[in-house]
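Single-structure report; data block below.
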Amino acid sequence: MKKDFLLLSHYTREELLSLLALASELKEQRKNGEPHALLKGKTLGMIFEKASTRTRVSFEVGMYELGGSALFLSGSDIQLGRGEPIEDMARVLSRYLDGIMIRTFAQETADTLAKFATVPVINGLTDFAHPCQVLADLLTIQEHQGGLEGKTLCFIGDGNNMANSLIVGGIKVGMHVRVACPAAYRPDAGIMAWAEANGGFLCTEDVLASATGADVIYTDVWASMGQEEEAAKRRNAFAGYQVNEAVMAAAAPGAMVLHCLPAHRGEEITAEVLEAHANEIFDEAENRLHAQKAIMVHLMR
């Protein structure tokens, strides 16, 4: 039976920790120049309805390093962009490919693709979830904090796809998760209900209360792709939700900062805080490569 990587809620704690261990192993092999062509002869199709830098480059390089190849399929270049049903596209691509990654808007699109595809499907991002990014985030926290169990993660900003996936991923691996956001921009209600029933979770409008004693401070842009028309409104709503020196003074000594990038310096994070924590943030960006290689090996080997 094929397995997909659509939502972190579909994976157990043990499976997530196993993926992190595999990502660390693949990262070490790459660092040492050891060949690891575990997907030799395999092909990944990459459907992009949303543009990307990190997602495209990390998946293409990852497949190359694993001995396979990747095909870039933009929404405007394939029949999906001309009205072909996703159900038909899934069945066609399954005849050619060994796996499919999709970066799209609606979670339903990724779910339908996975339902009708006979090869593994990876969620490269939807408006609801960003599981690949969070696996990379957990790998980075593990490396910089010496572990995950019992650590406190504070996310400040929009209760978006990043917040949804961080809540699930963090709690699954034994972290305490806090979210600071305006009341009108809270994470998904179902995810928050699950979080409250399954671990240490707090959602508040109080930024400093959320950040107090946190080991990890995380933020994201206030207006994501597709929300450009709301940018001015969102700047007003999130004006007090910035990662700055006051937030870092409230956090635990040695707290790290993460940002999934691209960052808008002076909005969700100050330039000073970003540069002070650049090593962590760009380790996080690099770890997209290693985390996604682990996902592909897990699904396609």
Quiz item: Only one of these conditions is not met by ARG13: (1) closer than 21 Å to ARG301 by Cβ; (2) in contact with a Lys or Arg (Cβ under 8 Å, 6 or more places away or on another chain); (3) touching a residue at least 40 places away in the same chain (Cβ under 8 Å); (4) not β-branched (Val, Ile, Thr). Which number is it?
Solution: (1)
Quiz item: If you check every pair at least six apart or on different chains, which have Cβ atoms under 8 Å apart with a residue in region 258-282 that is within 18 Å of SER224 (Cα to Cα) first and a residue that is among the hydroxyl-bearing types (Ser, Thr, Tyr) and part of a helix (DSSP H, G or I) second?
Solution: LEU258/THR140
Quiz item: Using beta carbons and a limit of 9 Å, which pairs, at least six apart or on different chains, have the first residue in region 195-214 and farther than 18 Å from ALA255 by Cβ and in contact (Cβ under 8 Å) with a residue 12 or more places away in the chain and the second one in a helix (DSSP H, G or I) and of a type in the set (Lys, Arg)?
Solution: ASN198/LYS172; GLY199/LYS172
Practice problem: Report yes if some residue within region 174-186 is part of a loop (DSSP other than H, G, I, E, B), crowded, with 24+ Cβ neighbours inside 10 Å and within 19 Å of the chain's Cα centre (by Cα); otherwise report no. | Solution: yes
Quiz item: From the set of residues in region 14-57 that are among the basic types (Lys, Arg) and loosely packed, with under 13 Cβ neighbours inside 10 Å, which is farthest from SER69 (Cα to Cα)?
Solution: LYS31
Self-check item: Selection count where residues are acidic (Asp, Glu) and part of a helix (DSSP H, G or I), scope region 239-270
Solution: 1
Exercise. Looking at (1) under 21 Å from GLY41 (Cα atoms); (2) in a helix (DSSP H, G or I), find the lone condition where VAL119 falls short.
Key: (2)
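Here is a yes/no grid of residues against (1) among the polar types (S, T, N, Q); (2) in contact with a strand residue (DSSP E or B) (Cβ under 6 Å, 6 or more places away or on another chain); (3) in the same structural domain as ARG178 (by TED's automatic domain parsing):
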site: LEU202; (1), (2), (3): no, yes, yes
site: ASP206; (1), (2), (3): no, no, yes
site: SER224; (1), (2), (3): yes, no, yes
site: LYS233; (1), (2), (3): no, no, yes
site: ALA252; (1), (2), (3): no, no, yes
site: MET256; (1), (2), (3): no, yes, yes
Quiz item: Given the conditions (1) among the acidic types (Asp, Glu); (2) assigned by TED's automatic domain parsing to the domain that holds ALA209; (3) at pLDDT below 95, which single one is not true for GLU84?
Solution: (2)
Exercise. Could you list, in sequence order, all residues of region 80-116 that are part of a loop (DSSP other than H, G, I, E, B) and free of Cβ contacts under 8 Å to residues at least 24 places away in the same chain?
Key: GLY83, GLU84, PRO85, ALA106
Quiz item: Is region 109-116 home to any residue that is in the same structural domain as ALA223 (by TED's automatic domain parsing) and either surrounded by 24 or more Cβ atoms within 10 Å (Cβ to Cβ) or among the acidic types (Asp, Glu) (or both)?
Solution: no
Quiz item: Yes or no: LEU125 hydrophobic (A, V, I, L, M, F, W, C), crowded, with 20+ Cβ neighbours inside 10 Å and either at negative phi or without any contact (Cβ under 8 Å) to a residue 12 or more places away in the chain (or both)?
Solution: no
Quiz item: In this structure, is GLU196 modelled with pLDDT of 95 or more, surrounded by fewer than 24 Cβ atoms within 10 Å (Cβ to Cβ), charged (D, E, K, R) and assigned to a helix (DSSP H, G or I)?
Solution: yes
Practice problem: Give just the number: which of (1) more than 20 Å from LEU6 (Cβ to Cβ); (2) among the charged types (D, E, K, R); (3) in a helix (DSSP H, G or I) does ASP77 not satisfy? | Solution: (3)
Exercise. Please verify whether region 129-151 includes one or more residues that are assigned to a helix (DSSP H, G or I), over 20 Å from ARG288 (Cα atoms) and touching an Asp or Glu at 6+ places or on another chain (Cβ under 8 Å).
Key: no
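The values are calculated or read from the model by the stated rules, or taken from the named source; none is laboratory data. Note that the structure is a prediction, hence the values are computed from the model and not measured. With ideal geometry, Cβ positions are generated from the backbone for all residues, glycine too; neighbour counts draw on all protein chains shown.
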